[in-house]
């Protein structure tokens, strides 16, 4: 009789506890429980400490410009970055993105021989000088598009990937949407002026970062200084490749209506920046503007790696699971871009939804890691458990229900 009463009491408590344990609330993990983000550098204890002043970025002659850190996406300088502008041959960055994707999927190969159509051969403006009816490899056409900015090579690649240029342009627009390029629309592949052919400095920066991140094996072509085809040697039009050894890409563009454009990427001491200049008045102006932006970013900011991907950060209690604890981590490298000399103002905090109740899967975030500079949150990263945790058996769940109710 007594055992039956106790059993009933346990079941009642379990029922009540299950109702209470359904509610989870975010709890901030103690900063001291997290590994220090930068070994040897600790957050300041002086509450009155303020970030050091950073000078305003240079004002450069362009219709729009944008400077960001590649790894964190932090904006360091911008003007009219969301204004719709003509991209000219910056369009070929998206052509390359789509071609590289086709290579990755195995739909085309670098050694594919492409027969040049009369339409591709007829393209005006900058050209690789391919001949109609001739066979040219995909690899050579890519170099002709990137290094020589060949409109003929660009159309030939578009036709090879999608069958026709209009179909390929539709593919370009789909990739733009997928990348979050919300103010971008393409009407042709070479970047010739058209009523609804536009993008922004911000969107081009997003595309450039995606190219570098997703296709590092092909990025080498953007630093190639010259390419010879049909006995004609043409130099890369990106003059910064010759002026600054840290610059290794990306693309120039020009039409009379678009002005002079340049996307430059450079890496110094492990920090990579991407600058976009659109609508400059001359070749020299776009190069000087890009150099000024890059020098500003490298001179006054630094990017530090705080944690490696999947590095253990926290160990927390797991309820109703086959395991009673889980190690939490971020599935990607964690970086922070901060003004130079302000590493000591960096701190981190983890906001984790507690209690952690099984089942838990590696794919589903259980909270976020915040990277903080002073009082400002610079970035957030999803926090995941290190491995899947299945539910415990009936009695294991029952005991944890009671323990949760008694917390």
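Side notes on the structure shown:
- Both radii were evaluated on the Cα set of the stretch 253-319; the Rg over Rh quotient, with Rh as the Kirkwood radius, amounts to 1.32.
- Of the residues 256, 89, 347, 235, the one with the fewest other Cβ atoms within 10 Å heads the list, and the complete ranking is 256, 235, 347, 89.
- Comparing mean-square fluctuations of 117, 208, 265 from a GNM of the chain with C-alpha springs under 10 Å, the top value falls on 117.
- Cα Rg, Dmax (largest Cα-Cα span) when computed across the chain, Å: 27.3, 101
- Candidates 189, 325, 246, ranked by Gaussian network fluctuation over the chain, Cα under 10 Å, top entry: 325
- Among 196, 69, 105, residue whose mean-square fluctuation peaks in a GNM of the chain (springs only between Cα atoms under 10 Å): 105
- Zone residues, the stretch 279-296, relative to residue 246, backbone N less than 15 Å from point 7 Å out along Cα-to-Cβ: 290-296
- For the stretch 245-323 versus the stretch 166-184, the spacing of their alpha-carbon centroids is 22 Å.
- Ordering of 157-167, 55-65 by packing is 157-167, 55-65, highest average first (other Cβ atoms within 10 Å, averaged per residue).
- Short-range pairs are left out: with C-alpha atoms under 8 Å and at least six residues apart, the relative contact order of the stretch 64-280 is 26 percent.
- Normalised by 2.2 N^0.38 Å, where N is the number of residues, the C-alpha radius of gyration of the stretch 64-280 stands at 0.94.
- The chain - percent relative contact order, Cα under 8 Å, separation 6 or more: 21
- Residues 323, 178, ranked from the fewest to the most other C-beta atoms within 10 Å, line up as 178, 323.
- MRE, 222 nm, helices only [DSSP H, n ≥ 4, -39500 (n - 2.57), over the chain, to nearest 500]: -9500 deg cm²/dmol
- Span from the the stretch 220-238 Cα centroid across to the the stretch 330-347 one, whole angstrom: 38
Quick note: the coordinates plus some simple rules give every number you see, no bench work behind them. Treat the numbers as computed from the prediction; the structure is a model and nothing was measured. Every residue, glycine as well, gets a Cβ built from its backbone with ideal geometry; the counts of neighbours run over all protein chains shown.
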